[in-house]
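The values are calculated or read from the model by the stated rules, or taken from the named source; none is laboratory data. Since the structure is predicted, the reported quantities are computational estimates derived from the model, not experimental observations. Every residue, glycine among them, receives a Cβ derived from its backbone with ideal geometry; neighbour counts consider all protein chains shown. When the accessible area is computed, the model is the full protein with side chains, heavy atoms only, and any ligands, DNA or RNA have been set aside. Shrake-Rupley method; radii C 1.70, N 1.55, O 1.52, S 1.80 Å.
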Amino acid sequence: MKVLVIIPAYNESENIVNTINDIEKNCQNKTYQLDYLIINDGSTDKTKEICVENNFNVINLVNNLGIGGAVQTGYIYADKNDYDIAIQFDGDSQHDASYINDLVMPIINGDVKMTIGSRYIDNLSEFKSTKIRQLGIKILSMVLKLTTKEKIYDVTSGFRAVDQDIIKLFASDYPNDYPEPETLVKVIKNGYEVKEIPVKMRERKYGKSSITPIKSIYYMAKVTYAMIVRSIIERGNK
Amino acid sequence: MNLNLRIFIILLMCAGVYSIIRVIKKKNLSMKYGLYWTTIFIFMLILVIFPGIVEYVANLCGFKEAPNMLFLIAIFLLFYIVFRLYITISKLQEINKKLVQELSILKKDNKK
């Protein structure tokens with residue numbers, strides 16, 4: 001079993017070393033091979049230099065592609081190098097690598113094809129994001145329920161693991177911006193089962209989130225639209 | 001239509017066709033899109049030279065004023081062209097993304 005942790009990073013020079021240390025600490029004593037891969041999305045800070053200095057396993061995108069294009073590069077790499085499972089893991093120290101095993105095991109056992117690290121089940125995570133964002137996530141969760149009939153709480157979580165079939169699916173087609181909820185629709189509409197796993201998430205230490213208050217209205221409109229259209233165009237694939 | 005105005009529009013259309021051929025020569029416009037625009041200009045040229053055509057068709061379709069029909073056609077045509085433009089841009093974005101991804105993966109593999 002080969003597992004690849006995909007870490008999209010845009011201007012994460014302050015967080016990337018901690019993130020990799022966190023993952024390497026959790027790499028040992030596993031029954032499967034765990035590799036990581038940083039996708040440096042054309043950062044303008046020292047992210048690239050820091051990765052080279054520390055000899056990190058990294059792909060430096062020659063141009064900035066945005067989160068979707070960056071993550072997809074990881075899935076293409078995973079597909080080309082025959083990885084059995086790919087995990088998405090943010091480079092901003094929000095995610096906790098000790099939960100990687102919890103996300104991987106249900107897929108190895110063949111229970112489901114995709115797992116999502118969730119802040120909103122079992123109350124494991126004290127950090128749950130701001131009230132207004134929680135409301136937005138609740139609405140998107142409802143949209144997912146309406147379009148796919150599946151109930152998933154943390155639809156925007158970027159901490160997720162998928163098996164080989166979904167790696168191939170993502171390698172061939174992946175949304176460019178705000179991909180998380182839309183890819184859930186895609187996966188479910190293609191007939192794969194998704195399971196939420198309780199995880200702890202941290203508040204990010206440095207840098208700010210990519211979604212500002214002004215953008216949040218556009219975000220909700222774009223994601224809702226994308227989920228509805230996605231559910232229509234993927235209908236025949238089940 | 002006033003004769004001076006007609007001559008002015010005819011000259012404008014001719015200048016349009018000329019500049020299209022010039023940008024094609026400079027390879028700033030592909031032959032395919034050059035054909036679109038040249039067709040539009042020549043079509044407008046014909047209508048200016050024979051304004052009777054517009055009057056006749058507008059009457060046939062039930063427009064009160066002939067220019068209304070021209071405006072309607074022009075707006076629809078422009079909508080269509082802009083829409084096609086968006087499609088082309090989206091395609092280019094996809095191709096560009098693919099190129100960046102494949103090149104970046106290649107560069108990594110080369111370093112090993």
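Within the stretch A:41-60, if we keep just the residues that are of a type in the set (A, V, I, L, M) and buried (at least 20 other Cβ atoms within 10 Å of the Cβ), the residue that is farthest from B:V100 (Cα to Cα) turns out to be A:I50. Taking the stretch A:66-76 as the range and being touching a strand residue (DSSP E or B) at 6+ places or on another chain (Cβ under 8 Å) and surrounded by 23 or more Cβ atoms within 10 Å (Cβ to Cβ) as the test, the residues that pass are A:A70, A:V71, A:T73, A:G74, A:Y75.
Can you tell which of A:K149, A:K131 is surrounded by fewer than 22 Cβ atoms within 10 Å (Cβ to Cβ), within 25 Å of A:I228 (Cβ to Cβ) and of a type outside the set (A, V, I, L, M, F, W, C)? Give the steps one after another, and end with the answer.
Details: A:K131 fails: within 25 Å of A:I228 (Cβ to Cβ).
None of the others qualify; the one that does is A:K149.
Identify the single condition in (1) at pLDDT below 95; (2) touching a helix residue (DSSP H, G or I) at 6+ places or on another chain (Cβ under 7 Å) that A:I100 does not satisfy, given that it satisfies every other one. That leaves (2) as the condition not met.
Scanning the stretch A:25-36 turns up at least one residue that is part of a loop (DSSP other than H, G, I, E, B), more than 14 Å from chain B (Cβ to nearest Cβ) and surrounded by 15 or more Cβ atoms within 10 Å (Cβ to Cβ). Here the condition is being open to solvent by 30 Å² or more (accessible area, probe 1.4 Å) and under 16 Å from A:I20 (Cβ atoms); of A:Q94, A:Q88, it holds for A:Q94 alone. Among the conditions (1) surrounded by 19 or more Cβ atoms within 10 Å (Cβ to Cβ); (2) within 14 Å of chain B (Cβ to nearest Cβ); (3) without any contact (Cβ under 8 Å) to a residue 24 or more places away in the chain, the only one that A:N63 does not satisfy is (1). Of the residues B:L11, B:L99, B:L103, the single one that is open to solvent by 100 Å² or more (accessible area, probe 1.4 Å) and either within 14 Å of chain A (Cβ to nearest Cβ) or touching a strand residue (DSSP E or B) at 6+ places or on another chain (Cβ under 7 Å) (or both) is B:L99. Against the numbered list (1) more than 16 Å from B:D109 (Cβ to Cβ); (2) open to solvent by 40 Å² or more (accessible area, probe 1.4 Å); (3) within 14 Å of chain B (Cβ to nearest Cβ), A:N18 comes up short only at (3).
Would it be correct to say that A:I76 is under 19 Å from B:D109 (Cα atoms), touching a residue at least 60 places away in the same chain (Cβ under 8 Å) and facing chain B (nearest Cβ under 9 Å)?
yes
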